[in-house]
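The next block holds one structure in the form of structure tokens; read it before the comments.
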Amino acid sequence: RTSFVGARPEPQDSMATTSVNRRFAVLALGEGLARGAAFGASVWLARTLGPAGYGVVGVAMATLLYFSALTDAGLDTLGIRAIAEDKRRIHSVIPALLGARMLIALVGLGILAAGAHVLLPAPDRTVVSLFGLILVVLALDTRWIALGLAKPVPVSISRVFGELTMAVLIFGLVSGPS
């Protein structure tokens, strides 16, 4: 079939585009709400801990950001693609990828904790090591399964719920500098 610039899309293409737009909107809304909750918790944390205390948290968050990228290792993308290509493979893909992610996370946690204890001063090394435990939680993240199944609503809900849970924990557990 021939396509011309400015030509009207065929009805089937239009339905597919609408579906993609709707999925994108759901994911964007969830991401926006989650980032809003995270930003609010971060502002409160900075005001509560003060510059020195929040600096320690900032070092821990920055370090964790790099280690979480290494821990992911692109496995989310592989899982999404494998499930989207053939949904029958889901029962073999899930344990393989979760196992690989957990192994990488545990190795990363070990390297992070060892490096923190060798390279960082007293409060920083403890905070960075504790933040490193989040790598294990990230390894258990299964949002990529829902994305592979083209179901964005559970992904958005889990993203918002996760950030709201973190915000509630921060509000409940963190007090001012001691």
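The values are calculated or read from the model by the stated rules, or taken from the named source; none is laboratory data. Every value quoted in this text rests on a predicted model; they were computed, and no experiment measured them. Here the Cβ positions follow ideal geometry from the backbone for every residue, glycine too, while neighbour counts run over all protein chains shown. These area figures cover heavy atoms from the full protein model, side chains too; ligands, DNA and RNA do not enter into them. Shrake-Rupley method; radii C 1.70, N 1.55, O 1.52, S 1.80 Å.
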### Task
Scan Ala60, Ala105 and give me the residue that is surrounded by 18 or more Cβ atoms within 10 Å (Cβ to Cβ), under 30 Å from Leu147 (Cα atoms) and modelled with pLDDT of 95 or more.
Ala105
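Out of the residues in region 143-163 that are of a type outside the set (A, V, I, L, M) and open to solvent by 20 Å² or more (accessible area, probe 1.4 Å), state the one that is farthest from Ile83 (Cα to Cα).
Step one: of region 143-163, the residues of a type outside the set (A, V, I, L, M) are 143-144, 148, 151-152, 154, 156, 158-159, 161-163.
Okay, now just the ones that are also open to solvent by 20 Å² or more (accessible area, probe 1.4 Å), so 143, 151, 154, 158-159, 161-163.
Working: Arg143: 12, Lys151: 12, Pro154: 16, Ser158: 19, Arg159: 20, Phe161: 24, Gly162: 24, Glu163: 26 Å.
Top of the filtered list is Glu163.
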### Summary
When every residue in region 68-89 that is in contact with a Phe, Trp or Tyr (Cβ under 9 Å, 6 or more places away or on another chain) and of a type outside the set (A, V, I, L, M) is compared, the one most open to solvent (accessible area, probe 1.4 Å) is Thr77
### Message
Which pairs turn up if I take residues in region 94-118 that are within 14 Å of Leu75 (Cβ to Cβ) and without any contact (Cβ under 8 Å) to a residue 40 or more places away in the chain and look for partners that are assigned to a helix (DSSP H, G or I) and among the polar types (S, T, N, Q) with beta carbon separation below 6 Å, at least 6 apart in sequence or on another chain?
### Response
Ile104/Thr71; Ala105/Thr71
